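**Q** Structure in structure tokens, see below.
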Amino acid sequence: MSIWIIFKLLGSLALLMFGMKAMSEALQKMAGPQLRHVLGAMTTNRFTGMLTGTLVTASVQSSTATTVMTVSFVNAGLLTLAQAISVIMGANIGTTLTAWIMAVGTSGSDASPFDISILSYIGFFIGIVLIYMKKHRYIGDFLFGIGLLLLGLTTLKATGMSMDLANNEAVTSFFKSFDPNSFVTTLLFLLLGGIMTFCVQSSAAVMAITMLLCSTGAMPIYQGIALVLGENIGTTVTSNLAALSANTQARRAALAHMFFNVFGVLWILFIFRPFIDMVCGWVNYDVEMTKDSVSSTVFLANAAKLNYVLAAFHTSFNVVNTFILIWFIPLIERFVCWVIKPKMVDEVEDFRLHFITAGFMRTPELSVLEAQKEISSFSERMQRMFGMVQELLNLSSSSQNKDKGNEQTFNKLYSRIEKYESISDNMELEIAQYLESVSDAHLSDDTKAKIRAMLREVSELESIGDSCFNMARTINRKFAAKQDHFIERQYDHLHQMMALTDQALTQMNLLMSGRKESYNVNRTFNIENEINNYRNQLKAQNIIDVNNHEYTYAEGTIYIDLINECEKLGDYVVNVVEARMGTRQRSV
């Protein structure tokens, strides 16, 4: 076999894989937000969830993208794990459309009056025109992806025909060395399919290789379908390894995906040949025909139908498997929850990011969704941190005569706030680094604008953490000075100011966890005006109280420091809201 033919084979596979990737990413750019809304709205029960997963995956041609969106909704509390499992089941059906595209692209004979590669050149021409028009460049990217996919398929088919694999003694003798009636042979090819998919990281590439070998008559149909079954398991191994660094719900969803495919392979092995013979009957493929019993033309014409046999088997297998398991979703949910227990660490006080996981999210457009969920979690943490500051103030106010137990409680809470400040620094750095790596990819203008806004959001949220820690240090300094205590009126004013600040944080979190179209930004601005006015009033009153010897100048300074820090924190909240809403930033 010539080295050039091998490079042509590998190059056509590369074209196929890149075409699938380009087509999928273009579709996600065009319809990503709408698909996310559909996924969130159309999963009221297990059947609509399955249908939604099928439609979304068939639309974006990526079961990984659907799975990632589903897991992010589970993490956000928009979907239950049971609903997510139904969507993943549907994704397994939707991804079988890829096999049909490849079956059409690689089928046909040289005598056929229509060459499908013509469509690829038409796609290239229209695509480049639309890309340069800019307004419709995502449609152009999609057509270019389709063109590359079809060109890769036709090149793969032509390369396979030129290799004449059916008459290649080395290839045919390799497959003949396995007993086609042996169960061990089926298991060996199943394992081989899983390993190939895991190594290549592309089930589409393995499916294309399988179709090439089967349609040229080199590999028997039973061994080819065993490869397809192995591919189903191989693709779940990849997602489970990637989910090892993810949070509990993500790992459970990945395990449910593996359970679905492994269970399907187990039951199909019991009726392996009858099921395949039934599918062959649908496609009108003669299983008994051998190369020696008929002419070469008749044999190759029969073998060419194997592409449709593989596609039909892939679809029917996943549909039947879904129909069986969809009734047992609650049991699957309990099983994966039993296998994967929640981590013993308190995830609220864990340094690790929970939504952004290395390797798990590969589509730039959808990576932005993951980052947004992480920023929403960051925002909630900052409000929890501010709640601790309020509690710290309460401890200091109730400790005029401090006992040892109260002092230990105070110190423990102060240490938690200190830890949260460190968490906020780490979260800002890691989210910003993630967004910068995502921004290196080819993104839509809207997504680029979202990334700029999110970088601004994480910076302002970290500033909120700094303000909270500054207040905690001020309270700690007052607590340590046994002679310095606020009068009751000062505590009342501080509690009122902190209540206003907490309202601002609550409004900010409503925006971060919801949709900005339904958010009333005037409420945030009104609270900010109240905070500013109250700060001015208290500063003026503080000067009068110090002059009247209501409390010492030192006590007044600490008191006003806390008031000013609350006002600064309110400004940071407004900056976060403006960044999220896409409005102009105000100075602090």
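**Q** Rounded to the nearest 0.05, what FRET efficiency do Ser415 and Lys341 give with R0 = 30 Å and r taken as the Cβ-Cβ distance? Could you check?
**A** 0.60
**Q** Rank these residues by their accessible area, most exposed first, probe 1.4 Å: Thr54, Thr80.
**A** Of Thr54, Thr80, the descending order of accessible area is Thr80, Thr54.
**Q** Also, quick follow-up: Which value, in Å² and to the nearest 10, is the accessible area of Leu213 when all protein chains are kept and the probe is 1.4 Å?
**A** Accessible area, nearest 10 Å²: 30 Å².
**Q** Quick one: which of Lys21/Lys135; Lys8/Lys305; Lys21/Lys450; Lys21/Lys448; Lys412/Lys516; Lys134/Lys516 span more than 30 angstrom between C-alpha atoms?
**A** Distance filter (> 30 Å) returns Lys412/Lys516.
**Q** A follow-up question, please. Among rounded, prolate and oblate, which fits region 446-504 when a ≥ b ≥ c are the square roots of the eigenvalues of its C-alpha gyration tensor, a/c under 1.5 means rounded, and a/b larger than b/c means prolate?
**A** oblate
**Q** Sticking with this structure for a sec: Counting only residues 5 or more places away or on other chains, whose amide H sits under 5 Å from the amide H of Leu79 once H atoms are built in the peptide plane?
**A** Val74
**Q** What figure in square angstrom, to the nearest 10, would you give for the accessible area of Lys373 with a 1.4 Å probe?
**A** 40 Å²
**Q** For region 406-517, with all protein chains present and a 1.4 Å probe, just round the carbon and sulfur fraction of the accessible area to a whole percent.
**A** Summing carbon and sulfur atoms, their accessible area is 45 percent of the total for region 406-517.
**Q** How many nm separate the modelled label positions at Ile195 and Val283, each set 7 Å beyond the Cα in the direction of the Cβ?
**A** In this crude spin-label approximation the distance works out to 2.6 nm.
The values are calculated or read from the model by the stated rules, or taken from the named source; none is laboratory data. Since this is a predicted model, take the numbers as computed values, not measurements. When we count neighbours, we look across all protein chains shown, and the Cβ atoms used for this are built from the backbone with ideal geometry, even at glycine. What goes into the accessible areas is simple: the full protein's heavy atoms, side chains included, and nothing from ligands, DNA or RNA. Shrake-Rupley method; radii C 1.70, N 1.55, O 1.52, S 1.80 Å.
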